[in-house]
Every structure is written in C-alpha cells, then in structure tokens.
Amino acid sequence: MAAPVRGMAGSPSIGNTTSFQKKTRSKLVSIPGTRPSVQNGQLLVSSGVSSLDYVIGGGLAVGTLLLVEEDCYDSYSRMLLKYFLAEGVVCGHELFLASARDHPDEIMQELPSPIVDDVAGMKISEGQSQPSDPENPDTMKIAWRYQNQPRVQTALASSVRFGHYYDVSKTMEPELRQAAKCHSFYQLQETPVTTGSSPLPSPYHALLKSIQTVIRKEGFDGSTPQSKVRNVLRLGLHSLGSVLWGDDVCCKVNPAHCHALTTFLYALRGLLRTSLSVAMVTVPSHLIQNRAIMGRIIRLSDTAIALESFRGSEKETNPLYKDYHGLLHVCQLPRLNCLSSEVPDTKDLAFKLKRKQFTIERLHLPPDLSETVSRVSKAELAAGCGSTAMGNKHLDF
C-alpha cells in the first residue's frame, strides 16, 4: 500500500482532524473573599469568626442559610451578625440587612473594626503547648505523671487562614463602612402590602419581595450580567419570628401563623439556591413555646447553631465555667454535594468574649489545682458506712 502523501493541497493536516481534546479542569468562579471547599468543591465565604468557620466545615457555602438561635438577651447572637456583616464590608460584598427592632443603620454603625496586622501567627503560638521546665517550681503544681503530657489545645483554628480578625472594642471607620453597598429593610417604616392568597403575613411577604428584587436587579441570579466582577450578596435577617414581625409564634403554643416563618424560610432557600448569596438568620428560639415548630425551622435551614449564655443563670457563678461566657450547640450541619456532612471533632464547645475578640473554643475543664485536698477520716468513713436508721453502728458481717 502506498504511503499517504503529506502536504498536498486541500488535504487537511492529521493533527487537526482528531476529535480528541485534552481534558482540563473547569475554571472556578473567582470572587473576592471566597474559596472552594476541600470536601465538596462548594464556594465558601467566611462568617467573620474564624473559629466558627472551623466548626461548620470551613465556612458558609454560597447559596445556603445559617440559622442562629439567639441567647436570652440577644447580645452574642447580635455580635455574630455584626461579624458576618463586617466580613462582607472588608471583602467588598454587597449587604442586605433587615430588622424590626433596631434600625439597620444603627446596626451598621456598630460593626467591629478590622485588625490590619497579621495575627495568625500569634494565634497559633498561643494554642501550642510550651515545654515544661523542671527547674521551675510552678510546673510541679500537679501530679508528676501529668507533667510531660501535652496541653489540651482549646483554640479552634485551621491551617489555612480564611477571613479576617476584628476588634470589638472599636467600631469600623465610617469611610470603610460607607464604601460598601448595603440594602436595608426596616419593618417599622415599610408600608403594609396586600398579600392576597399568600400564606405569609404582610411583613414577611414584603421582606421576601424586597430580597427577590435586589437579587434580580443586581444580577445575583444570573438574569442580568453583573457590571465589573462577580460578587456575593450577604443577607442578614435579625430576630425573625418575634412579635415585631407580626408573628405570634413566640406568644402561643398553637399560634395562628404556625407556618408563616417556615414558609418564609422555604421560599428564601429557593432564592438562595439559584443566586450568589448567603444568609444569616437569627431567631429567638427561647421564646418559641412549641418545640415542634422550632424543629421544622431547624430542618429548613442548612446550618443551625444555638447560643446558650451564662448570664442570669446558675452557670454564671459556677467556677467550672469561669473562663467562658456561654455554650455553643451545633444543631445541624449542611450536606451539600455529598452523602454525609462534615462532623466536628468535638461537640463540647464554648464561647468567650475577650476584651477585643469573640472566640469559640473547646470546652476544657482544667484539673483541680487547689493546695488542700479534702480527705475523709477513717472514723467518718466507718460512721458513714455503718449508719442506719437507729443510729451509727459498726458493720455487722
């Protein structure tokens, strides 16, 4: 057989006739302040608290909803919301803040100031155990067999830094805060709308309509192309379910609007799934009397955490919890593009508010380092063992 003639006019090149193409990785969406998840490749944003990102699997996935069950005085849950919004300001994300009690402008003025210095190395060095010095007498305050044991690392931190650190003792500069694009919704200033056949009350219906308008108008759902670079919308919804939202779920065991909040969350998740947006919703769960309704609210969320504050409780004066201000309960973790969720290495979590920072740590109770140890004498032990209803007698075998 004659060899094929190469270079003839009109004959295509062999290299151009092949139908095989080199397989390349798909390009991920590059958005400032985001990174892909190691477990499922989902796009993540930081919640503003690095220790909380570590607990929930690396961060908040875009298109998901984080539910925060408020503490009794709404102090720490409000702080988490301000961390979430401050992280959006620093990363250049657009914000949507809705509230029925305080004006959104007042909440924005309370955002913590970002720390410019790199403190990641300082955080790691604080969590590492220091070698014990045998010549130092302070190292022998506990039993000798525990001296060389490594210290329990209570700090929760990832090997890769994600997000920023903030100083809660200072507020954010007005120039930085005003540079962010923020959409606000204040329920007391909104005019009532006719819901028609909608099962939602008027405030929830107006809020959902406002969120849908912002998502479509700004192009977060892909309907209209965004101007320069793609961006993420952060939704902060404060204290949903309270009476100020026109909901009676916190007033009665069998409320008339028992499906109002769950219907709203179901519709909100539908908007989040089809857009580049992420939401943080706070709910006063301690006021909801029907626990079945609260269970449905948690199941309609992707991630759910609960804050239990020690303020006003017996645990506030308990010496075991003297280093903490409350407990953090992880109620639900998201299962996205996988069969199981990321399980944290420990469920005993506590939070503390330092002078400049809010942190979440492993709940670790230190050993008893008291100088005097209470011991029971032999006479008391015999009296305790031989005591009967008739009086103290020795044991009769």
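Working out 0.36 nm times the residue gap between Val38 and Asp221, then minus their Cα-Cα distance, what length gain in nm do you get to one decimal?
Length gained, Val38 through Asp221: 63.4 nm.
Label point of His259 set 7 angstrom out along Cα-Cβ; within region 163-207, amide nitrogens under 11 Å from it belong to 199-200. For Glu342, no residue has an amide H sitting under 5 Å from its own, ignoring neighbours fewer than 5 places away on the same chain, with H placed 1.01 Å from N. Taking amide H atoms as placed 1.01 Å from N in the peptide plane, the amide H of Tyr166 lies under 5 Å from those of Ile115, each 5 or more residues away in sequence or on another chain. Coupling constants for region 315-330 follow from the phi torsions by the Karplus curve (6.51 cos²θ - 1.76 cosθ + 1.60, θ = phi - 60°), and in residue order they are 5, 5, 9, 6, x, 5, 10, 5, 8, 10, 10, x, 10, 10, 10, 8 Hz; glycine and proline get x. When the pairs Lys315/Lys356; Lys181/Lys356; Lys209/Lys352; Lys181/Lys209; Lys181/Lys347; Lys322/Lys347 are compared against a 31 Å limit on Cα-Cα distance, Lys209/Lys352; Lys181/Lys347 fall above it. Each residue of region 272-284 was assigned a 3J(HN,Hα) from its phi angle through the Karplus curve 6.51 cos²θ - 1.76 cosθ + 1.60 (θ = phi - 60°); the sequence is 5, 5, 10, 8, 8, 8, 9, 10, 10, 10, 9, 9, x Hz, with glycine and proline shown as x.
Full extension of the chain segment joining Glu190 with Arg161 gains 6.4 nm, where the gain is 0.36 nm per residue of separation less the Cα-Cα distance.
Take the Cα of Lys354, go 7 Å toward its beta carbon, and the backbone nitrogen atoms of region 318-337 under 20 Å from that spot belong to 321-328. The 3J(HN,Hα) values that the Karplus relation (6.51, -1.76, 1.60; θ = phi - 60°) gives for region 341-354 are, in residue order, 9, 6, 9, x, 5, 8, 9, 8, 10, 9, 10, 9, 10, 7 Hz. Gly and Pro appear as x. In region 200-294, carbon and sulfur make up what percent of the accessible area (probe 1.4 Å)? For region 200-294, the apolar C and S fraction of the accessible surface comes to 58 percent. Taking 0.36 nm per residue of sequence separation and removing the Cα-Cα distance, the Leu287/Gln109 pair yields an extension gain of 61.3 nm. Around the amide H of Thr359, modelled in the peptide plane, lie the amide H atoms of Lys352, Lys354, all under 5 Å away and 5 or more residues distant in sequence or on another chain. For Asp167, the accessible area of its heavy atoms, probed at 1.4 Å with every protein chain present, is near 10 square angstrom.
The values are calculated or read from the model by the stated rules, or taken from the named source; none is laboratory data. Since this is a predicted model, take the numbers as computed values, not measurements. Every residue, glycine as well, gets a Cβ built from its backbone with ideal geometry; the counts of neighbours run over all protein chains shown. Ligands, DNA and RNA are excluded from the accessible area calculation, which covers all protein heavy atoms including side chains. Shrake-Rupley method; radii C 1.70, N 1.55, O 1.52, S 1.80 Å.
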